[in-house]
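Rule-based calculations on the coordinates, nothing more; no lab input. Being a predicted model, the structure only gives us computed values, none of them experimental. Quick reminder, even Gly has a Cβ in these numbers, built from the backbone with ideal geometry, and neighbours come from all protein chains shown.
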Amino acid sequence: ITCPDSTAEWRIGNTYEITWTGGTMSGMDSTVLFYSTNNGLTWSRIGATTRAGRYSWTVPAPATQQAKIRVRAFCLDSSTTATSKTFKIVEGLPPITIDQPAAGTRWREGSAETIRWTGGPAAPDSIVVYYSTDDGVNWLRHGRGSTSGSYDWLVPGPATEFARVAIRSFQGVESTAGVSARYVVYDSLPPSPITVTSPASGVRWIIGTTHEITWTGGTFAGMESTVIYYSTDGGTHWIRQGVASSPGSFSWVVPSPPTSSAQIAVRAWCGNYLTEGRSGIFNVAGAAGTPDTVIATVNVGAKPRTLLWDSLHNKVFVANYNDSSVSVIDGVTNQVQATIRVGGFPYALCLNTVNGNVYVANQMSGTVTVIDGATNQVITTVNVGSYPQALCFNPLTNRVYVSNYRSASVTVIDGTNNQVITTVPVDSNPIALTFNPAYNKIYCANFARNNVTVIDGNNNNVIGTVGVDYQPCALIVDGRNNVAVANRYLGRVTIINGENQAVISTINVGSEPYAIAYNATDNRLYCANSGSNSISVINVNTYSLFTDISVGVHPRSLVWAGWVNKLYAANYDGASVSLIDGATNILQKTLPTGTSPIAICHNSWESKIYVANYNSNTVTIIGPHTGHH
């Protein structure tokens with residue numbers, strides 16, 4: 001054996017050539033190598049070589065002063081063996097950890113900064129610094145360091161949110177390296193132009209209600225902040241509302257006073273540069289009073305199953321399950337404007353707040369009908385999976401998500417062109433969807449598998465699957481940006497951390513929870529328990545049960561009217577709606593409806609509550625007792 005010899009010091013983790021002479025003949029069967037860390041007392045097999053006289057070996061731990069190599073050549077029953085001199089196996093060069101830039105570091109292009117690290121050889125022969133602007137896919141050499149542990153540089157461009165640096169330190173023929181966390185390089189250019197997409201010109205928002213202010217643009221690598229302003233006088237004076245925590249969206253509670261000259265401004269800053277976008281003029285109004293009186297009963301199609309209030313056009317869309325139609329009710333007059341033919345057994349509805357389109361999931365047809373909310377005309381029909389059951393809209397990306405109950409999948413539709421972007425595999429019987437704007441995630445409750453699939457709203461990849469309790473059937477995002485899941489079989493609500501998908505808490509509620517709602521004023525969750533004829537009230541601050549409220553027979557749908565802080569529960573087998581005060585949790589009134597009230601929604605413009613009566617083919621409208629509609 002010619003290498004290693006007695007002077008060799010081989011480092012753990014490095015690769016060396018073991019070499020030898022002899023041990024060969026015509027027809028030799030194999031050559032096998034072994035190593036010892038205790039001067040030959042015990043041996044471990046390295047492997048068999050296919051090359052005469054040499055073998056590449058990556059040195060394993062542990063370190064030892066008594067290492068040896070053995071080479072044994074076999075031919076039939078004969079073998080020849082040689083053992084190397086004793087040599088050393090030593091620890092490799094220490095790894096490098098880059099402390100600065102750290103995750104979240106923001107460096108301006110061209111600024112003088114210092115890269116700092118620990119580890120590596122104490123007395124390196126050389127240090128080389130590299131940088132990447134594409135998250136480490138490609139690297140550029142920047143220069144040589146003269147001091148171990150730090151390197152001064154002028155930050156290179158271009159602006160990017162995917163910058164990294166790497167340090168490689170050499171000692172002799174060996175080297176060790178470290179790569180930094182991702183950091184941001186920003187330049188001195190103004191953010192891109194901003195277009196405010198919501199509120200739209202002419203809309204009417206009610207004081208005390210919560211709306212999503214949305215916009216496009218105003219972003220680039222390294223943007224420093226986006227601040228929302230509000231004017232009640234058409235832009236003459238502005239009041240700061242807060243800083244956006246996610247790009248393109250800001251959740252806003254409409255303040256008083258009423259005005260017909262409301263306007264929103266979105267301002268994005270980078271250094272001394274500012275880009276501003278303004279909404280059109282819209283209306284802010286006070287609510288007409290508490291909806292506590294039945295003011296109308298409207299005839300619709302067969303088996304009205306689902307309701308949707310279109311806040312852009314002040315209409316209520318009613319999916320009529322048994323006659324493949326959608327009825328449209330005027331929010332002011334309570335009259336049916338139109339009856340729209342859709343696919344078989346329409347089951348779910350959602351509104352695209354970016355362009356005002358309404359989406360209808362047709363269970364039996366495996367399609368989604370797209371309706372122009374302004375004209376009530378069908379735009380197109382989109383093929384999705386089997387038995388589409390639920391819909392939700394992502395205003396940050398203008399996408400519609402469709403859960404396909406019998407396909408174990410979620411179809412993603414582009415809200416701009418109504419084309420299918422992708423189909424995301426989930427688990428069995430996806431029954432409910434919700435969107436979390438704080439983290440741009442979509443949550444899908446898989447009824448038969450007792451879990452919730454979490455989907456990334458940017459790339460539509462599955463982030464994870466969260467185990468919950470038996471038969472998850474309803475979802476909602478609360479004021480802490482976490483997700484509450486109603487689990488029907490054992491009467492429990494699971495709380496999922498919106499940031500990291502961990503289960504925070506499991507709360508016992510009543511029997512057979514069917515629906516869930518959130519009170520933003522008092523930071524409470526409500527769970528409708530069909531089996532125990534009750535509403536469980538959960539304190540979101542502590543995720544503990546606050547109280548239970550007895551209501552009618554089999555409550556199965558809920559809506560919270562924020563402008564009056566009232567909860568409305570539709571009692572499916574009680575032909576009634578229970579009105580509960582949000583502040584006191586007191587049942588204030590029980591209102592009659594048609595037979596089998598199955599769905600409920602509110603209209604904050606007109607201070608009305610709508611109830612779909614499945615077996616009466618009607619919609620009950622509840623309004624203020626003044627009835628001046």
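In table form, for the structure just shown:
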item	result
Potential extension, Asp77-Thr333 segment - 0.36 nm per residue separation minus Cα distance	82.0 nm
Residue-wise HN-Hα coupling along region 390-403, computed from phi with Karplus coefficients 6.51, -1.76, 1.60 (Hz; x: Gly, Pro)	9, 9, 8, 10, 10, x, 6, 10, 6, 10, 10, 10, 10, 8
Aspartates and glutamates whose Cα lies under 12 Å from that of Lys68, excluding same-chain neighbours fewer than 8 positions away	Asp5, Glu9
Shape of region 261-360, Cα gyration tensor, a/c cut at 1.5	oblate
Hits among lysines - C-alpha to C-alpha of Lys589 under 25 Å, sequence gap 8 or more where chains match	Lys566, Lys608
Amide H within-cut-off set for Ala474, under 5 Å, with H built and near neighbours excluded	Ala486
Reachable aspartates and glutamates from Lys315, criterion Cα separation under 18 angstrom, eight or more residues apart if same chain	Asp330, Asp372, Glu606
Between region 560-615 and region 193-266, the alpha-carbon center distance in angstrom	30
Net charge dipole size for the chain [Lys, Arg +1 and Asp, Glu -1 on Cβ; Debye, nearest 20]	780
Cα gyration tensor, region 508-629 - rounded (a/c under 1.5), prolate or oblate	oblate
Region 517-602 - charge dipole about Cα centre, Lys and Arg +1 at Cβ, Asp and Glu -1, debye rounded to 20	100
Among 394-402, 244-252, the order from most to least packed when residues are scored by Cβ within 10 Å on average	394-402, 244-252
Among [x] 3, 15, 26, 27, 18, 7, 2, 0, 0; [y] 3, 13, 19, 19, 13, 10, 9, 7, 5, 2, 0; [z] 3, 12, 18, 20, 20, 15, 9, 3, 1, 0, the entry that matches P(r) over Cα pairs in 10 Å bins from 0, in percent as calculated here	[y]
Ranked packing of 236-243, 467-474, most packed first, by mean Cβ within 10 Å	467-474, 236-243
With eigenvalues of the C-alpha gyration tensor scaled by 5 and rooted, region 96-186, Å	22, 12, 11
Computed E for Asp414/Thr375 - FRET, C-beta separation, R0 30 angstrom, nearest 0.05	0.90
Region 35-190 shape via C-alpha gyration tensor axes, a/c threshold 1.5	prolate
Residues with amide H under 5 Å from that of Gln588, placed H, sequence gap 5 or more	Leu579, Ile580, Asp581
Cβ crowding within 10 Å averaged over residues, with 504-516, 75-87 ranked highest first	504-516, 75-87
Among Gly574, Asn404, Gln171 - extreme Cα towards positive end, dipole of the chain, charges at beta-carbon	Gln171
Relative contact order for the chain, counting Cα pairs under 8 Å that sit 6 or more residues apart, in percent	8
